[in-house]
Amino acid sequence: MRVELPPEPLNFVNRDAEQERAVRAVTEWRSRSRPPVLVLRAPTGLGKTELANRIARTLRDSFPFPDGVLSVDLDDFRVDGRLDPGDVLSRLLNSLDVEPDKVEAQYAARCTQYWNRTSEAKLILLLDNARYTSEVVPLLPASGGSVVVVTSQGPLHEFEAGAVEDVPLSPLDERAATELLERIVRDNRLAADPEAARAVVRLCEGLPAALHVAAQWVRAHQLRPLSRLLADLRAELDEKGVSGVEPFWDAAYAGLSRPAALLYRLLPHHPGGTFTLHSATALSGLGPEVCQDALEELHTAGLLDLRLLSMTEAGQMRLLGPLRAHALRRSRREVTDGEVAEAQVRLLRWFVRQAQLADRFTAGRRLTVVDILDPVPGVPDVPLEDPEAAVDDEARAERSGHAAHWLYEERHVVFACSRLAHARGMDPEVVALSEAVWTHALDHPHQSEVVEAFRRAVDSAVRHGGNAGWLVRTRCQLARPLWESGELDEAGVQIDSAMSAVELLGGSERDRKLAASAVEHRGMLKAARGEWSSALDDFTGSRGLHRAIPNPYGILLQTYRMGEASAKVGDLESAQQLLSEAHSGFVAMKNRERLVGRTAFALAGVLHQLGRPDEARVLYEESLGRAGRRRSGFDLARVHDALADLDTAEGRLTEAEAHRTTARTLRRRNGLV
């Protein structure tokens, strides 16, 4: 039996699911004249060749393959990037005991000779580094008793449906990557400093090839602590790449079209760890169709990971860390600073507009201090639909929830854009992004990045210096997460500064709304301090300012605040009246999902205290449904807690515990513990 496989690697982890899938595909194959084809696809460096060899060994041990295992690296037969399948057929026929001088000279005759030789064969054929389906098809044995295992950097789309078992490889998860590193190195420093060990693993982003490089560094520097080694290793990977893999990435890059190569060089300059088709289009300036083609080309070349694409509503993609470093190295050689700046500014302005639209569609029309930016020429907006154009309440709620979820999925990019815009001195964009962050943070509070985004917005407002409205807005925005995290003194400084800036405002409608908003925030800080009577005075004063404008939304919002404060000071009858008025008003306003849900929650609490639990339960359920549509972990958790209290009071202890368990789970999942 001929077995053309290298020795089994000493260290191999994970990939059990892929191996089981391969065995199952072979077991279930029924064709007698066509072999099953297993395609392992992943960017270079993820260990697909080692896995292919391992699968070949597993199949050899599990099934009768008396004709052995043949293995061919197709890259060995390429000339200037092109492959002649006839050369590979000659090599395979030699392995099947056909003497070189007996191999047919003409390609068609050689194919027939190969098919005749393999028509009754039971062998495993391993084809490494295939680029196109047309390279694989002529090499398929003419027997259903054989198996073909193919590795490829990208998908092989041209196969007919059902003709292959497509097995995409993901990067190793942190547990498996840690296990692989420990097996390769066997160094006590990994156990002694687990945090540094985790940092090394995360730096490699699940690429076995990068983990081998990291292991070599750990072995080569036995006296250095891992914490010191980490910085050197990061510099090594950023500057030189992954040894043994870099030439393959360079070759893949060299084969790209001009648009795909440009996009690849610009992608590492995209703020945030992920990007979408729309944001890549904005960054590249290529236009939607050309950018789409370029992304598909990068995926086919094994330079882009599309696995996230089907897992997120936003359609996110990403460059694996080592690939991102490779793209950045190519960019430094071939892209000017001016091109990068132009691309980033274009992307930032596009992304600010998207965040502003998502903000409006989520929260409805409200006071903002930066108008929605104009569309970026040649770059379409994200397909979010305006709830105001919906035909009924259900459609409005669905559109609003979709916009809120877009903000949630893209929150890390929003924060990254805020950092980049601030670094580039784009103060209006920083302030505009902070307003979208405000809407996101109302449903997902207690995030450190939210506070930093608001601090940058304050800094941009101060740096700009010419817009008092920005100073009022940004300081009020920053104050809220500060008092929510217990930093009451610093929150007070921000509110005092906001009230000072109010004196600089003019008499426009926007400025008068900002003044009323500042008084509201002063009242909210007093409430956070437990000074509810004084807070009620501020909310009443703010409502008077809104009535003078007049601003119906502001009037209802302060009515809601007054109702909450009245409940806290023990005036439940007034609280019920105020909260009922606010709740009915927001329901009638349309597209006020959050405030409808929150007024329902506050009113339910008052009704519960007044001994009207049935009415309270209806409102809690309404609040729960609206929080679910917005996917607000904060609101969902507190409504479940309130329902638990209601059930406990009624003796429904099993139901109460179920609600409390759900609330605890939501808080853990959303980082609210």
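Values quoted throughout were computed directly from the atomic coordinates according to the rules given, and no laboratory measurement underlies them. What you see is a predicted model, and the numbers here were worked out from it, not measured in a lab. Backbone-built Cβ (ideal geometry, glycine too); neighbour counts: all protein chains shown.
Based on other C-beta atoms within 10 Å, arrange SER279, SER500 from fewest to most.
Fewest-to-most ranking of SER279, SER500: SER500, SER279.
Dipole of the chain (Lys/Arg Cβ +1, Asp/Glu Cβ -1, origin at the Cα centre): which of ALA25, VAL79, LEU226 lies farthest to the positive side?
It is LEU226, whose Cα lies furthest towards the positive end.
What order, most packed first, do the peptides 657-669, 443-455 have when packing is the mean number of other Cβ atoms within 10 Å of each residue?
443-455, 657-669
Over the chain, what is the relative contact order in percent, taking alpha-carbon pairs closer than 8 angstrom and at least six residues apart?
Value for the chain: 8 percent.
So what J values fall out for region 28-35 if you push phi through Karplus, 6.51 cos²θ - 1.76 cosθ + 1.60 with θ = phi - 60°, rounded to Hz, Gly and Pro as x?
Here the 3J(HN,Hα) series is 8, 6, 10, 5, 8, 10, 9, x Hz.
Could you give the angle, 0 to 90 degrees to the nearest 10, between helix 488-502's Cα long axis and the longest principal axis of the Cα atoms of the chain?
70
With contacts defined as alpha carbon pairs under 8 Å and 6 or more residues apart, what's the relative contact order of region 174-246 in percent?
Working: 57 pairs, mean separation 24.8, N = 73.
So the answer I get is 34 percent.
Assigning unit charges at the beta carbon (Lys, Arg +1; Asp, Glu -1) and nothing else, what dipole magnitude in debye, to the nearest 20, does region 190-304 show about its Cα centre?
Computed about the Cα centre, the dipole is about 400 debye.
Place +1 on the Cβ of every Lys and Arg and -1 on the Cβ of every Asp and Glu in the chain, take the dipole about the Cα centre, and give the residue among ALA468, LEU277, PRO387 whose Cα lies farthest towards its positive end.
ALA468
So for region 223-380, Kirkwood radius off the Cα pairs, Stokes-Einstein at 20 °C and 1.002 mPa s: how many µm² s⁻¹? It would help to have the intermediate numbers written out before the result.
Working: Rh = 17.2 Å.
The diffusion coefficient I find is 125 µm²/s.
What is the dipole size for region 258-335, taken about its Cα centre, with +1 at each Lys and Arg Cβ and -1 at each Asp and Glu Cβ, in debye to the nearest 20? It would help to have the intermediate numbers written out before the result.
Working: 9 positive and 7 negative charges, 104 e Å.
Value, rounded to 20: 500 debye.
In what order do ASP359, ASP614 fall by count of nearby beta-carbon atoms within 10 Å, going from fewest to most?
Ascending number of Cβ neighbours within 10 Å: ASP614, ASP359.
Take the alpha carbon gyration tensor of region 16-168, find the square roots of its eigenvalues, order them as a ≥ b ≥ c, and report rounded if a/c is under 1.5; if not, report prolate when a/b exceeds b/c, else oblate.
oblate
For region 174-246, build the charge dipole from Cβ charges (+1 Lys, Arg; -1 Asp, Glu) around the Cα centre, then report which of PRO208, ILE184, SER243 sits farthest towards its positive end.
Positive-end residue among those listed: ILE184.
Considering the values (i) -0.62; (ii) -0.50; (iii) -0.68, which represents log10 I(q)/I(0) by the Debye sum over Cα atoms at q = 0.07 Å⁻¹ as calculated for the structure under consideration?
Looking at log10 I(q)/I(0) by the Debye sum over Cα atoms at q = 0.07 Å⁻¹ for this model, the match is (i).
Could you tell me whether region 133-176 comes out rounded, prolate or oblate from its Cα gyration tensor? Rule is a ≥ b ≥ c as square roots of the eigenvalues, rounded for a/c under 1.5, then prolate if a/b exceeds b/c, otherwise oblate.
It comes out prolate by the Cα gyration axes.
What shape does region 499-651 take by its C-alpha gyration tensor, where a ≥ b ≥ c are the square roots of the eigenvalues and a/c under 1.5 counts as rounded, a/b above b/c as prolate, and the rest as oblate?
On the way: a/c = 2.17, a/b = 1.74, b/c = 1.24.
Prolate, because a/c is 1.5 or more and a/b exceeds b/c.
Got the relative contact order for region 258-335 handy, in percent, Cα pairs under 8 Å and 6 or more residues apart?
38
Using only Cα atoms, find the angle between the long axis of helix 48-62 and the longest principal axis of the chain, and express it within 0 to 90 degrees, rounded to the nearest 10.
With both axes taken from Cα atoms, the answer is about 60 degrees.
Per-residue counts of other Cβ atoms within 10 Å, averaged by peptide: what ranking do you get for 564-574, 142-152, highest first?
Result, highest mean Cβ count within 10 Å first: 142-152, 564-574.
Treating cross-link reach as a plain straight distance, find the lysines whose alpha-carbon is under 26 Å from the alpha-carbon of LYS102, omitting any fewer than eight places away in the same chain.
LYS102 reaches LYS122.
For a quick protection proxy, order the peptides 6-12, 637-643 by their average other-Cβ count within 10 Å, most packed first. Provide the component values of the computation, followed by the final result.
On the way: 6-12: 10.7, 637-643: 23.1.
The packing order, highest mean first, is 637-643, 6-12.
May I ask for the distance between the Cα centers of region 264-295 and region 384-417, given as a whole number of Å?
22
Please state the charge dipole magnitude for the chain, taken about the Cα centre, from unit charges on C-beta atoms (+1 on K and R, -1 on D and E), reported in debye and rounded to the nearest 20.
740
Can you tally the net charge around ALA432? Count Lys and Arg as +1, Asp and Glu as -1, for every other residue whose Cβ sits under 13 Å from the Cβ of ALA432.
Spelling it out: positives minus negatives among the neighbours equals -1.
Counting other C-beta atoms within 10 Å, which of PHE634, PHE63 has the fewest, and how do the rest follow?
Arranged by neighbour count, lowest to highest, PHE634, PHE63 become PHE63, PHE634.
Count charges around VAL376 for me, please; just the other residues with Cβ under 14 Å from its Cβ, Lys/Arg as +1, Asp/Glu as -1.
Net of charged neighbours comes to -1.
Tally Lys and Arg at +1 and Asp and Glu at -1 over the other residues with C-beta under 15 Å from the C-beta of ALA627: what net charge comes out?
Here the count lands on +3.
To the nearest 10 degrees, how steep is helix 613-630 against the longest Cα principal axis of the chain, on a 0 to 90 scale?
It works out to around 40 degrees.
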